[in-house]
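First comes the structure, then the notes that go with it.
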Amino acid sequence: MLSIIIHGGAWDIPDGDVESHRQGVLNALTIGWKTLIDGGSAVDAVEQAIRSMEDDETFDAGYGSHLNQLGEVELDASIMDGKKIRCGAVAVVHAIKNPITLARKVMDESEHILLVGEGAERFAAEHKIKLCKPDDLINKRERERWEALQGRKDFKTKDSFHKQKRSSDTVGAVAMDKNNNICAGTSTGGTLNKYPGRVGDSPLIGCGTYADNEVGGVSTTGWGEAMIKVVMAKTVIDLMEANGGKPQEAAEKGIEILRRKADGFGGVIVLNNQGQFGISFNTPRMARAYMNSVMNEPFAAI
Ligand code: GLY
């Protein structure tokens, strides 16, 4: 069974940004789906799909990511191959255009799982991943957003996230390939005006990303601090294992736990080991798309 599901953030996406989000997730889906159709692995499909969203300034990942309190981009990403629960992740990188590719490199070619900051960039250089200038990751929209916030003291709580419609455009993908191997990945610029060095859920295996061929795969988006508290991705995997493999039920229960225990908000995409999907979110909108071998055409919604 070939199957792929994508997310491009869960928040109060303004009407004027709906179309760019729809196009962005559909584009990622098309790239990932073609990779699977051409015989590529689930890991290839997830990497390629996420790279396209990192390159798309619509999303808070790669180019166009939110700036931290110092006006700098700091990127996080993770990837997990469900065949042997191998995984790799990077956090707080400033000079990498496609952190998902670096996360894959960590998974494939290092003895470690999570590399951060200078060490991650050193590893990138050693493995022929080109470093960019930190400013190459900053676009005009994010520079203006950041400038508008300076001097404000009311932008630090989760309530301000809702009231000010703070964006949560983390991206992610989960895929199953022709060998029924499952991979999940997630990439983000984190939260707007975050404290330098802040790490959210996305690069933490079990929080932002999880994949296990025996059960399925999960990627999350939303308020990372709450996601970490409930170990969101692995919680949803465990719920699905316990419920006999029902992805939608597991996704909904996961979001209910996020809300009840951590007062959190966000969204989750789920794929079970039969290539079936689950999606749940408790934000006004979530950018999402999916396709599998039994569908005639892709689905996308915001
Ligand atoms: N969910 C992404 C973050 O909080 O960094």
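What follows draws every value from the coordinates through simple rules; no lab data is involved. All values reported here derive from a predicted model rather than from experimental measurement. Cβ sites come from the backbone with ideal geometry, for glycine too, and all protein chains shown count toward neighbours.
Some notes on this structure:
- For the stretch 1-132, lysine pairs separated by 8 or more sequence positions, or belonging to different chains, with Cα-Cα distances below 24 Å total 10.
- A full extension of the chain between residue 109 and residue 263 corresponds to an added length of 51.6 nm, given 0.36 nm per residue minus the alpha carbon distance.
- Take every pair of alpha-carbon atoms less than 8 Å apart whose residues are at least six positions apart; their mean separation over the length of the chain yields a relative contact order of 26 percent.
- Short-range pairs are left out: with C-alpha atoms under 8 Å and at least six residues apart, the relative contact order of the stretch 25-129 is 18 percent.
- Total formal charge among the other residues, if their Cβ is under 12 angstrom from that of residue 71, Lys/Arg +1 and Asp/Glu -1: -3
- Toward the positive end of the charge dipole of the chain, with +1 on the Cβ of Lys and Arg and -1 on the Cβ of Asp and Glu, the farthest Cα among 293, 50, 223 is that of 223.
- Residues 299, 281, 265, sorted so that the one with the fewest Cβ neighbours within 10 Å comes first: 299, 265, 281
- Exposure proxy ranking, count of Cβ atoms within 10 Å, fewest first, for 170, 283: 283, 170
- Inverse of mean 1/r across different Cα pairs in the chain, Kirkwood, Å: 18.3
- In terms of surrounding Cβ atoms within a 10 Å radius of their Cβ, 56, 38, 263 rank from fewest to most as 38, 263, 56.
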